[in-house]
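Reviewing the structure listed below.
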Amino acid sequence: MSTAYLNGDYLPLEECKVSVLDRGFIFGDAVYELIPVYNSKPFYLQAHLMRLARSLEQTRINNPHTEDGWKQIINKLIETSGLEQLSVYLQVTRGVAKRDHAFPEDITPTVFAMTNSWPAVNTGMYKKGLTVITAEDMRWDRCDIKVTSLMANVMKKQQAAENNADEAIMIRDGSVLEGSATNVFIVKEGQVSTAPKNNLILPGIARDVVVEILNENNIPLFEQAATQAQLTDADEVWITSSTKECAPVTIVDGEPVGSGTPGELWQKVYDLYQQRKK
Ligand code: PDD
């Protein structure tokens, strides 16, 4: 069993225990991060730590560590994992207190972190492309904060699974926003679009990586949410996340996307993404 971190201690994952009064357990009053690690090096660590700091600030949970403090914990977990390709999951809850919705001011956050071996991207699946469904977005309007209260996302991902799909793409007021755990890109006639960073999507780090790649290669990008009709009519659809990296979607709601095979532009962006991991 891998070594995990809980409130200052490094210990086997199965020995990590938190109180049932922890507000993460009672209210889902917590934030998290998931950081991919390639060749023992965290990928875009600074961006993940900045997003974590922002999630904590927005939820008014005290940030229990400096940036260096976080780096130390992450590096020690990577070292002790004995793995080179892995992910580090970090969670900070508001802490333990008698159950009451309003939070006490002087509460100490609970900090938990664990590693997982990397679920190597299934390149076979990427050759064929992924299948998605569309679903009504039923989340709150602060989707920009990476909170652990993921009930809506869990329900949508389950809906996808029950329809033999890999992901559910969420539509709000006719706009294509993001997947249950991914950001979405659409290509039409060589132009790429993705929903803008605002309160309705999580500002994904893999999204940032893809945006950087597009900008560096002078590939036109519009940060504008597509309509459901534009999604159906797209030449290519990609979904991005720290675990999926940049994946091609070839079926939306049972219908083929473009030619029904992963697109040329996707292949180019995917290859450039792989290069960045070295
Ligand atoms: N999910 N949108 C949502 C709703 C997400 O949950 C995620 C990530 C993303 C992509 O973000 P990033 O590129 O930073 O991974 C977009 C993570 C992987 C998870 O919940 O496990």
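Residue selection: Gly28 fails the criterion of being of a type in the set (Gly, Ala, Ser) and over 30 Å from Asp141 (Cβ atoms).
If you check Ile213 against the conditions, is it modelled with pLDDT of 95 or more and touching a Leu at 6+ places or on another chain (Cβ under 8 Å)? Answer is yes for this residue. When each of Glu212, Glu162, Glu136 is tested for being open to solvent by 30 Å² or more (accessible area, probe 1.4 Å), within 13 Å of the ligand (Cβ to nearest atom) and free of Cβ contacts under 8 Å to residues at least 60 places away in the same chain, the lone residue that passes is Glu212. Listed by first and then second residue, the pairs with beta-carbon distance under 8 Å, at least 6 apart or on different chains, first residue in the stretch 34-60 and outside the structural domain of Asn198 (by TED's automatic domain parsing) and closer than 23 Å to Arg142 by Cβ, second open to solvent by 30 Å² or more (accessible area, probe 1.4 Å) and basic (Lys, Arg), are Leu49/Lys71; Gln58/Arg142.
Taking the condition free of Cβ contacts under 8 Å to residues at least 24 places away in the same chain, outside the structural domain of Gly95 (by TED's automatic domain parsing) and more than 11 Å from the ligand (Cβ to nearest atom), does Asp173 pass? Answer is yes for this residue.
Yes/no matrix, rows are residues, columns are (1) more than 14 Å from Ile239 (Cβ to Cβ); (2) open to solvent by less than 20 Å² (accessible area, probe 1.4 Å):
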position	(1), (2)
Asn116	yes, no
Val121	no, no
Tyr126	no, yes
Gly129	no, yes
Arg142	yes, no
Ile145	yes, yes
Met151	yes, no
Lys157	no, no
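Sort out which residues of the stretch 24-37 are open to solvent by 10 Å² or more (accessible area, probe 1.4 Å) and touching a Phe, Trp or Tyr at 6+ places or on another chain (Cβ under 8 Å), and write them in order of number. Asp29, Tyr32, Leu34, listed by residue number. Only one of the numbered conditions (1) touching a residue at least 24 places away in the same chain (Cβ under 8 Å); (2) not in a helix (DSSP H, G or I) is not met by Asn218, and that is (1).
Whether a residue is touching a Ser or Thr at 6+ places or on another chain (Cβ under 6 Å) and either within 19 Å of Met170 (Cα to Cα) or surrounded by fewer than 20 Cβ atoms within 10 Å (Cβ to Cβ) (or both) was assessed, and Ala229 does not pass this test.
Scanning the stretch 187-204 for residues that are of a type in the set (A, V, I, L, M) and open to solvent by 10 Å² or more (accessible area, probe 1.4 Å), which turns out nearest to the ligand (Cβ to nearest atom)? Within the stretch 187-204, the match that is nearest to the ligand (Cβ to nearest atom) is Leu202.
Counting only strands (runs of 3 or more DSSP E) wholly contained in the stretch 1-66, the ones carrying 2 or more residues that are touching a Leu at 6+ places or on another chain (Cβ under 7 Å) and closer than 12 Å to Val92 by Cβ occupy 30-38.
So that you can scan it fast, the table gives a plain yes or no per residue for (1) over 28 Å from Arg94 (Cβ atoms); (2) out of contact with any helix residue (DSSP H, G or I) (no Cβ under 6 Å at 6 or more places or on another chain); (3) not assigned by TED's automatic domain parsing to the domain that holds Val252:
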{"site": "Lys127", "(1), (2), (3)": "yes, yes, no"}
{"site": "Thr131", "(1), (2), (3)": "yes, yes, no"}
{"site": "Asp137", "(1), (2), (3)": "no, yes, no"}
{"site": "Asp141", "(1), (2), (3)": "no, yes, no"}
{"site": "Val147", "(1), (2), (3)": "no, yes, no"}
{"site": "Ala165", "(1), (2), (3)": "yes, yes, no"}
{"site": "Ser180", "(1), (2), (3)": "no, no, no"}
{"site": "Gly190", "(1), (2), (3)": "yes, yes, no"}
{"site": "Asn199", "(1), (2), (3)": "no, yes, no"}
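The values are calculated or read from the model by the stated rules, or taken from the named source; none is laboratory data. For clarity, every value in this text was computed on a predicted model and none was experimentally measured. As a convention, Cβ positions derive from the backbone with ideal geometry for all residues, glycine included, and neighbour counts pool all protein chains shown. These area figures cover heavy atoms from the full protein model, side chains too; ligands, DNA and RNA do not enter into them. Shrake-Rupley method; radii C 1.70, N 1.55, O 1.52, S 1.80 Å.
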